[in-house]
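Some notes on the structure that comes next.
Only the coordinates and a few stated rules stand behind these numbers; no lab work does. Quick caveat, the model's predicted, so the values are computed rather than measured. Cβ placement follows ideal geometry from the backbone for every residue including glycine, while neighbour counts extend to all protein chains displayed.
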Amino acid sequence: MSTTALVIGGNGYLGSHVTRQLVQAGEDVRVTVRATANTVAIDDLDVTRFVGDIFDTDTIRAAMADCDVVYYCVVDTRAWLRDPSPLFRTNVEGLRGVLDIAAEFAAAGTLKKFVFTSSYSTVGRKRGRVATENDIIDPKGLTAYVRSRVQAEDLVLRYARERGLPAVAMCVSTTYGRGDYGMTPHGALIAGTVFGKLPFILDSIELEAVGVEDAAHAMILAAERGRGGERYLISERMISNREVVTLAADEAGVAPPKRSIPVPVLYAMAAVGSIRARLKRTDEHLTLPSVRLMRAEAPVDCTKARTELGWQPRPVEESIREAARFWAEMRAARRKAKGVPSNQ
């Protein structure tokens, strides 16, 4: 039996993959998109569009009416912002308004599940041990970005406890794959490799990672099988920055960067970035908080998602190679549009 699903942020990287898989499964799919949003990732799909952002409560209410499932895929990921207030405005306050509407529909008996895109950064991780969903993060010393994600997840789970919202929080790790039209930071790493513009490798960086299609499938499984009020870690394995770059270079047939940056030099560069941001009042991508975020890695255990949801992800290496092919195709298309011969 077909259900009606709403994907809030359906044109984004993860949201577009959720949308595509729902359409392919024969679901009646609605999406919300901002008026100025790039929708190339879903332009070929038969979906009902509602134009407006998460603060447009009239549009959100109209889109959610009579929906069985809501997939919430909106997040401000700009961890480098000098002024973090936009992170909290979108990730927390914007979410709150959507949750109020979702709770009303759930109380009326129409909304059966609210699947929230959270982050694995909300889970307490310590070097030398494997983290699970039961590990609570220490609030001390968190970056503004992580604090916004923790507050957002706490808000969702509070609505589940106190207002009966059938919500699940999906703690998704770094995603790789096709269709990264907005060029996420990790997508930029692969694009830079494929385009031959990556100056060096950050040898000391390791991240939990998963294919974006597998993450999207986990979201859909959570709508079917996830337990309300629970969170689920979604990752395939931890992978080093060097391995990601090497896989992407091999798939694209290019040479990987020869230079690497050791940890002390990385911190020195980050210190310079932090000073520049403070003196010039600019947003710098490489700062001490951003490096601490990258370095705060420890493995996570995704057994809960595998056993309760029946989730079986592919090796993330396959998705990294798919991402490399995607960016190679994008590069070829751009060169063709400019009239540049393919052999140059």
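Around the amide H of residue 167, modelled in the peptide plane, lie the amide H atoms of 114, 229, all under 5 Å away and 5 or more residues distant in sequence or on another chain. For segment 36-108, the relative contact order comes to 32 percent (Cα pairs under 8 Å, sequence separation of at least 6). Spin-label pair residue 183-residue 280: with each label point 7 Å from Cα along the Cα-Cβ axis, the two points sit 1.8 nm from one another. Just one of [x] 30, 26, 24; [y] 32, 24, 20; [z] 56, 23, 16 is semi-axes √(5λ) of the Cα gyration tensor in Å calculated from these coordinates, so which is it? The value computed from this structure is option [y].
Computed from backbone phi with θ = phi - 60° and the Karplus coefficients 6.51, -1.76 and 1.60, the 3J(HN,Hα) list for segment 194-208 is 5, 7, x, 10, 7, x, 7, 10, 8, 4, 8, 9, 10, 10, 5 Hz; x is used for glycine and proline.
Using the Cα gyration tensor of segment 128-286, with a ≥ b ≥ c the square roots of its eigenvalues, what is the shape: rounded (a/c below 1.5), prolate (a/b larger than b/c) or oblate (neither)? Spell out each step's value before the answer.
Working: a/c = 2.25, a/b = 1.45, b/c = 1.55.
Since a/c reaches 1.5 but b/c is at least a/b, the shape of segment 128-286 is classed as oblate.
A Gaussian network model of the chain, with springs between Cα atoms under 10 Å, assigns the largest mean-square fluctuation among 197, 304, 112 to 197. Note that segment 123-132 has calculated 3J(HN,Hα) couplings of 8, x, 10, 9, 4, x, 9, 9, 8, 10 Hz, one per residue in order, obtained from phi through the Karplus relation 6.51 cos²θ - 1.76 cosθ + 1.60 (θ = phi - 60°); glycine and proline are x. A simple spin-label model places pseudo-atoms 7 Å from Cα toward Cβ; at residue 43 and residue 107 they are separated by 4.2 nm. Averaging the sequence gap over all C-alpha pairs within less than 8 Å and six or more residues apart, then dividing by the number of residues, gives the chain a relative contact order of 18 percent. Projecting the Cα atoms of 260, 217, 234 onto the charge dipole of segment 207-267 (Cβ charges, centred on the Cα centre) puts 260 farthest toward the positive pole.
Using a cutoff of 8 angstrom between alpha carbon atoms and counting only pairs six or more residues apart, the relative contact order for segment 150-277 works out to 34 percent.
Using a Gaussian network model of the chain with C-alpha springs under 10 Å, which one of 74, 316, 254 is most mobile by mean-square fluctuation? Its mean-square fluctuation being the largest, the pick is 254. Close amide-amide hydrogen proximity is noted between residue 30 and 5, 6, 7, 48, each under 5 Å apart and 5 or more residues distant or on a separate chain (H modeled in the peptide plane; Pro and chain starts excluded).
Using 0.36 nm per residue and subtracting the Cα-Cα separation, the extra length available between residue 338 and residue 144 on full extension is 65.7 nm. Among 60, 136, 42, the largest mean-square fluctuation in a Gaussian network model of the chain, built with springs joining Cα atoms closer than 10 Å, belongs to 136.
The stretch between residue 161 and residue 268, if pulled fully straight at 0.36 nm per residue, gains 34.0 nm over its current Cα-Cα span.
Within 10 Å, count the other beta carbons around each residue, average over each peptide in 157-163, 4-10, 185-191, 218-224, and list them highest first.
Values: 157-163: 16.4, 4-10: 26.7, 185-191: 20.9, 218-224: 22.9.
In descending order of packing, they fall as 4-10, 218-224, 185-191, 157-163.
Evaluated over the chain, the count of Lys pairs having alpha-carbon atoms less than 20 Å apart is 6 (only pairs 8 or more residues apart or interchain). Positive end of the dipole of segment 34-88 (Cβ unit charges, origin at the Cα centre): among 84, 40, 54, the Cα lying farthest that way belongs to 84. Apply 1/(1 + (r/R0)^6) to the Cβ-Cβ distance of residue 227 and residue 254, taking R0 = 35 Å, and write down the FRET efficiency to the nearest 0.05. Once the sixth-power term is evaluated, E becomes 0.20. Computed over segment 57-162, the percent of Cα pairs more than 19 Å apart is 49.
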